[in-house]
Amino acid sequence: MQTVLITGASSGYGLETARYFHDQGWRVIATMRTPREDILQQSTRMRVLPLDVTEPDSIATALKAAGSIDALVNNAGIGLVGAFEATPMSYVRKVFETNTFGVMAMTQAVIPQFRDRRSGVIVNVTSSVTLAPMPLAAAYTASKQAIEGFTGSLAHELGHFGVRAKLVEPGYAPTTRFAANSELRVADLIPETYAEFAAPIFSGFSNPALVTTERDVAEAVWAAANDLGGQLRFPAGADAVALARSA
Ligand SMILES: NC(=O)c1ccc[n+]([C@@H]2O[C@H](COP(=O)([O-])OP(=O)(O)OC[C@H]3O[C@@H](n4cnc5c(N)ncnc54)[C@H](OP(=O)(O)O)[C@@H]3O)[C@@H](O)[C@H]2O)c1
């Protein structure tokens, strides 16, 4: 039986991915900063562990408790929307600590066991903002674009050992806790001088033509984790797939 460890499984895409892999018969280690057993299936194949991807001790403890795994899904992430000029550098660093360095640290921590066994897959969840530049998301895009380049390069050296590295690029889901999870209010990051520029963009956000569902992302992570061909990128959701086609 295969085992997947998923970061940020307390809500949204990560939670649905945990449920989906369980339903496909995998053993699932659903990690979250504050463990909650009640949101997932009660099952001998489902285990919840605490993990904060920005804390090296937390990573080491979680991976020790997890034991041998076959797949790592780096899903944990935080958002940031606003004018870059108005965004505190302390928060830009926090976004990178989670979305970029957290992914790298988790990846580095699992590589030795995958390399030793000459198998395993790392699936990094980025965003459709990497497929086409989106306004008012400069720092967030940078944090995700870094992981696109990182994963593409890493796939080569890990491929030498039979280990795979993949990207899942979800589009916008209005239904996850993503917007609520940002510590900064968007309104505080749009100075008056940007109001005229920002107004039509926010009106587009509130009325998107196409969106992504949690299920779209779970299915794309599943496809990526099980892909034995050379496909690196897996856009997830109707909006992301449309962007990838036009890119
Ligand atoms: N929703 C969208 O529109 C969208 C679009 C494209 C890409 N994405 C990406 O998809 C991924 C999942 O987002 P989502 O929409 O499902 O948002 P979500 O509902 O807010 O879920 C994000 C998860 O990340 C966790 N997390 C945040 N900081 C963490 C840390 N330091 N250590 C461990 N876990 C941490 C959160 O855990 P807590 O419960 O502890 O806060 C939460 O479980 C993210 O990487 C995001 O960038 C989202």
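The values are calculated or read from the model by the stated rules, or taken from the named source; none is laboratory data. This one's a predicted model, so the numbers in the text were calculated from it and none came from an experiment. Note that each Cβ is placed from the backbone with ideal geometry, even for glycine, and that neighbours are counted across all protein chains shown.
What the table shows:
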read-out: Pairs with Cβ under 7 Å, 6+ apart, first in segment 1-22 and within 13 Å of Met46 (Cα to Cα) and among the basic types (Lys, Arg), second more than 15 Å from the ligand (Cβ to nearest atom) and part of a loop (DSSP other than H, G, I, E, B); value: Arg19/Gln41
read-out: Considering residues of segment 41-72 that are under 20 Å from Asn181 (Cα atoms) and either more than 20 Å from the chain's Cα centre (by Cα) or touching a residue at least 12 places away in the same chain (Cβ under 8 Å) (or both) only, the residue farthest from the ligand (Cβ to nearest atom); value: Pro50
read-out: Tally, over segment 102-120, of residues that are surrounded by fewer than 16 Cβ atoms within 10 Å (Cβ to Cβ), more than 26 Å from Ser143 (Cβ to Cβ) and polar (S, T, N, Q); value: 1
read-out: Yes/no for Pro235 being farther than 30 Å from Ile6 by Cβ and modelled with pLDDT of 95 or more; value: no
read-out: Criterion (within 10 Å of the ligand (Cβ to nearest atom), buried (at least 17 other Cβ atoms within 10 Å of the Cβ) and hydroxyl-bearing (Ser, Thr, Tyr)) met by exactly one of Thr3, Thr87, Thr31; value: Thr31
read-out: Count of segment 68-112 residues which are in contact with a Gly (Cβ under 7 Å, 6 or more places away or on another chain), within 24 Å of His22 (Cα to Cα) and not hydrophobic (A, V, I, L, M, F, W, C); value: 3
read-out: Segment 162-186 residues that are within 26 Å of Met89 (Cα to Cα), paired with ones that are modelled with pLDDT under 90 and within 11 Å of the ligand (Cβ to nearest atom) (beta carbon under 9 Å, 6 or more apart); value: Tyr172/Phe178; Tyr172/Phe205; Val186/Ala179
read-out: Where Val121 falls short, out of the listed (1) more than 19 Å from the chain's Cα centre (by Cα); (2) away from the ligand (no atom under 15 Å from the Cβ); value: (1)
read-out: Failed item, numbered, when Ala198 is tested on (1) within 14 Å of the ligand (Cβ to nearest atom); (2) among the hydrophobic types (A, V, I, L, M, F, W, C); (3) in a helix (DSSP H, G or I); value: (1)
read-out: Test: residue in segment 186-206 that is touching a strand residue (DSSP E or B) at 6+ places or on another chain (Cβ under 9 Å) and either modelled with pLDDT under 95 or surrounded by 15 or more Cβ atoms within 10 Å (Cβ to Cβ) (or both); value: no
read-out: All positions within segment 124-182 that are within 9 Å of the ligand (Cβ to nearest atom), in a loop (DSSP other than H, G, I, E, B) and more than 14 Å from Asn74 (Cβ to Cβ); value: Gly171, Tyr172, Ala173, Pro174, Thr175, Thr176, Arg177, Phe178, Ala179, Ala180, Asn181, Ser182
